[in-house]
Amino acid sequence: MPRRTVKLRLTLLYGGLFLLCGTAVLVLTYVLTRHRVTAGEPAFAPSPRIPRPPPADVPPPAGLPDGTVGKVVDQAQKALADQRADVLNELLVQSAIALAVMAVLAFVLGRWMAGRILRRLRTVTSTAREISATNLHRRLALPGPRDELKELGDTFDALLARLETSFQAQRQFVANASHELRTPLARQRAIGQVVLEDPDADVTALRTAHERVLAAGEQQERLIEAMLTLTRSHAGIDVRQPFDLGEVVREVVDARPSDLPVRTRIEASPVRGHRALTERLVVNLVDNALRHNVPRGWVDVSCAAGVLTVTNTGPVVPPAEVERLFQPFQRLGPARTGEGLGLGLSIVRAIAEAHDAVVDAHARPDGGLSITVRFAPPPPS
């Protein structure tokens, strides 16, 4: 048995539909023709020019035997009926032959047409087989009219573009994470080697070195925890529970005393999602506003109707650099490096996307940032 490909099924479908429709037309034509030549037709009668047979009480003309005219009429009616039957049979036979020829032609044309239609689909299949993680830059770019196959090709190209962006971001993230993890490890090794190579090292020097090693280890733990949070946020949220965003914001602000004035306008804001991840989002925004600030600066936190806005003073940020700050391990020069890991805002965006929220950030002309997170309203109960 041949393999049941789409081309074979389309061919059988085209040919089968033509055969079915042709048979229906043949049957309908035959029935209508038969009805036209048989139904309602009067019995055979001689032409007016031919003398009608004499009445029964009138003797037949001389020289003709009795019943001759009646026999002639009967024979003519029988000949007419036979002619009608022959015509109908001939019509049926010729139509069946024409239907058989056209059916074969329909199957051949159907196979050819199916091949032309599926040609672009074969292009999609062959290109998909050749594409791997190393050549995601390839695109189908299917030609032709904007039909369903063209839409399929464009959708596949868009998918490849998203995969290419994701793979590049993953490679960049791995490279940056390796660099960030290597730094505290190198620092720990250097501290240990300096102390071990010092023959006059005393208890105080060893204690100081040990404290510095512990500080580097703590930095590693914070970095790993941040990367785990970022990965968890990218994985999405399986179960969403209702909670009050305003309450989370108030708890975070109260738990972070600072020398800088923090102005708050917090209202109840019911949302749905993961409360712990949302708390991490608020913590990162508030800590970022407090850490990257200037003396005699301020921080403004507002929350209402599912919209959280954190605005702070700080160094001047070029507007073109704002979007880059949301990428992992990206910092804006030494002035904004401080004790940060370069993951705070990227975690904010990842958590927001997991909650179907929108993050909008813009640089203030006088310095600092204003970041707004708009959560989706909860469904009506």
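The values are calculated or read from the model by the stated rules, or taken from the named source; none is laboratory data. In this text, all values refer to a predicted model and were calculated from it rather than measured experimentally. Neighbour counts are summed over all protein chains in view; Cβ atoms, including those assigned to glycine, are modelled from backbone coordinates with ideal geometry.
Summary of values
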quantity: Subset of region 315-330 (residues that are under 23 Å from ARG296 (Cα atoms), surrounded by fewer than 19 Cβ atoms within 10 Å (Cβ to Cβ) and either touching a Lys or Arg at 6+ places or on another chain (Cβ under 9 Å) or modelled with pLDDT under 70 (or both)); calculated: PRO315, VAL316
quantity: Matching residues, region 86-127, being of a type in the set (Val, Ile, Thr) and within 31 Å of the chain's Cα centre (by Cα); calculated: ILE117, THR123, VAL124, THR125, THR127
quantity: For THR38: the one exception among (1) modelled with pLDDT of 75 or more; (2) loosely packed, with under 13 Cβ neighbours inside 10 Å; (3) farther than 30 Å from LEU12 by Cα; calculated: (1)
quantity: Complete set of residues in region 246-279 that are within 23 Å of GLU353 (Cα to Cα), of a type in the set (A, V, I, L, M, F, W, C) and part of a loop (DSSP other than H, G, I, E, B); calculated: ALA268
quantity: Criterion violated by SER346 - all others in (1) modelled with pLDDT under 90; (2) surrounded by fewer than 18 Cβ atoms within 10 Å (Cβ to Cβ) satisfied; calculated: (2)
quantity: Counted residues, region 299-314 - those being in a loop (DSSP other than H, G, I, E, B) and crowded, with 16+ Cβ neighbours inside 10 Å; calculated: 3
